[in-house]
1. Given the criteria more than 7 Å from chain A (Cβ to nearest Cβ), closer than 30 Å to B:Leu9 by Cα and not charged (D, E, K, R), does B:Leu42 qualify?
2. Could you tell me whether the stretch A:84-91 includes any residue that is within 9 Å of another protein chain (Cβ to nearest Cβ), without any contact (Cβ under 8 Å) to a residue 12 or more places away in the chain and not in a loop (DSSP other than H, G, I, E, B)?
3. Applying the selection to the stretch B:16-48, what residues are under 20 Å from the mean Cα position of the chain (by Cα) and under 20 Å from A:Ile26 (Cβ atoms)?
4. Examine the stretch A:130-140 for a residue that is among the aromatic types (Phe, Trp, Tyr) and open to solvent by 30 Å² or more (accessible area, probe 1.4 Å), and state whether such a residue exists.
5. Which is open to solvent by less than 40 Å² (accessible area, probe 1.4 Å), outside any strand (DSSP E or B) and touching a residue at least 12 places away in the same chain (Cβ under 8 Å), of B:Gly28, B:Gly64?
6. Just name the residue that is least open to solvent (accessible area, probe 1.4 Å) out of those in the stretch A:98-128 that are more than 20 Å from the chain's Cα centre (by Cα) and within 11 Å of chain B (Cβ to nearest Cβ).
7. Mind listing just one residue for me: the one in the stretch B:67-86 that is within 7 Å of chain A (Cβ to nearest Cβ) and surrounded by 16 or more Cβ atoms within 10 Å (Cβ to Cβ) and, of those, farthest from B:Lys139 (Cα to Cα)?
Amino acid sequence: MMDWQKRLLDDFQRDFPLSPTPYQDIAERLGVTEAEVIGALSDLQDRRFVSRIGAVIPPNQIGVSTLAAMAVPEAQLPTIAEFINGFPEVNHNYEREHRLNLWFVAVASDAEHLQAVIARIERHTNFAVLQLPLLDDFFIDLGFKLDWRHV
Amino acid sequence: MFDALDWQLLGLVAEGLPLCPRPYAQIGLGVSLTEAEVIARLSALQQHGLIKRLGIIVHHRQLGYRANAMIVWDIPDDCVKKLGLKISRCAFVTLCYQRPRLTEWPYNLYCMIHGKDRDTVLAQLAALETECALEQFDKQILFSRRCFKQRGALYSQSHQQAVHG
């Protein structure tokens, strides 16, 4: 990755310009062209380094969400994970090293919709889903601090 | 002070700005707002904390941050907020939440540390525990193994009538 591309990732994870031409503004700060910035972001997305240019919304501002945990036998994990991924309400789904080995986040428009999703997962898999909704958020999100020494 | 259009806009911007020279104008087409209106509304949403952060969202695993630990503690309720705020100030912490205890899962404070290797993350956790006097509390460390899915929430699909709060 070129130096200006590293700076792009370092400096624009927050305070993205709210101007009519944000990519042009970024290009000027990095000393490149707008087309190069847009091209680099598109390339970084294709290489899956960048998810998107977007807004991070505090949890539970839109709709309701919960962190959920399940204890699933190792052999069934890929199939069950895939079933859970099939719900558009699920946006994160990770295997973790623990007896509770499957952790996902579900977001829905209201509590009823969310509970319907959880109930369908429990019914289909025959495993309990622990629900751990957010009570308080202490974190101030400044983006992800990248250490380029070993990239 | 915010209306349904603001929530719709928020959902669209959470899913991602288009990669074109006038992304706010492009977003506005979907909600019948002008570019200037989109920018004004997004500024207001940001000022009121309804946008926590606007910018590039990276896939940390692809960038080499594969050691990802979720640490959970059982902290007395009367000091969970104080400790949560203190943990959040630590540079290598990437999330810090309070969640309810369950009978089979008696932990109420959650924090994430994303690092390039497990040893670094464990060293950072040890430093955090010393700094915040966390050694006395019961905890669990859950490193992630496989990532089955990671993306932003699809707000606009399921949230035609978004609810605040």
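1. On the way: more than 7 Å from chain A (Cβ to nearest Cβ): no; closer than 30 Å to B:Leu9 by Cα: yes; not charged (D, E, K, R): yes.
In short, no.
2. So the first thing to find is which residues in the stretch A:84-91 are within 9 Å of another protein chain (Cβ to nearest Cβ), and the list is A:84-85, A:88-91.
Next cut, without any contact (Cβ under 8 Å) to a residue 12 or more places away in the chain only: A:85, A:88.
The next check asks that each one be not in a loop (DSSP other than H, G, I, E, B); those that pass are A:85.
Yes, that holds for at least one residue.
3. B:Gly16, B:Leu17, B:Leu42, B:Ser43, B:Gln46, listed by residue number.
4. Of all residues in the stretch A:130-140, those among the aromatic types (Phe, Trp, Tyr) come to A:138-139.
Still in the running and open to solvent by 30 Å² or more (accessible area, probe 1.4 Å): none.
No, the stretch A:130-140 has no match at all.
5. None of the others qualify; the one that does is B:Gly64.
6. A:Leu100
7. Quick first cut of the stretch B:67-86, residues within 7 Å of chain A (Cβ to nearest Cβ) only: B:70, B:81, B:84-85.
After this cut, where a residue has to be surrounded by 16 or more Cβ atoms within 10 Å (Cβ to Cβ) as well, the list is B:70, B:84.
Numbers: B:Met70: 10, B:Gly84: 14 Å.
Residue satisfying both the conditions and the ranking: B:Gly84.
Residue-wise test of (1) within 7 Å of another protein chain (Cβ to nearest Cβ); (2) assigned to a helix (DSSP H, G or I); (3) surrounded by fewer than 19 Cβ atoms within 10 Å (Cβ to Cβ).
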site: A:Asp10; (1), (2), (3): no, yes, yes
site: A:Asp15; (1), (2), (3): yes, no, yes
site: A:Arg29; (1), (2), (3): no, yes, yes
site: A:Pro59; (1), (2), (3): no, no, no
site: A:Leu67; (1), (2), (3): yes, no, no
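The values are calculated or read from the model by the stated rules, or taken from the named source; none is laboratory data. Keep in mind that this is a model prediction, so the values were computed, not measured. Backbone-built Cβ (ideal geometry, glycine too); neighbour counts: all protein chains shown. These accessible areas exclude ligands, DNA and RNA; they are computed on the full protein's heavy atoms, side chains included. Shrake-Rupley method; radii C 1.70, N 1.55, O 1.52, S 1.80 Å.
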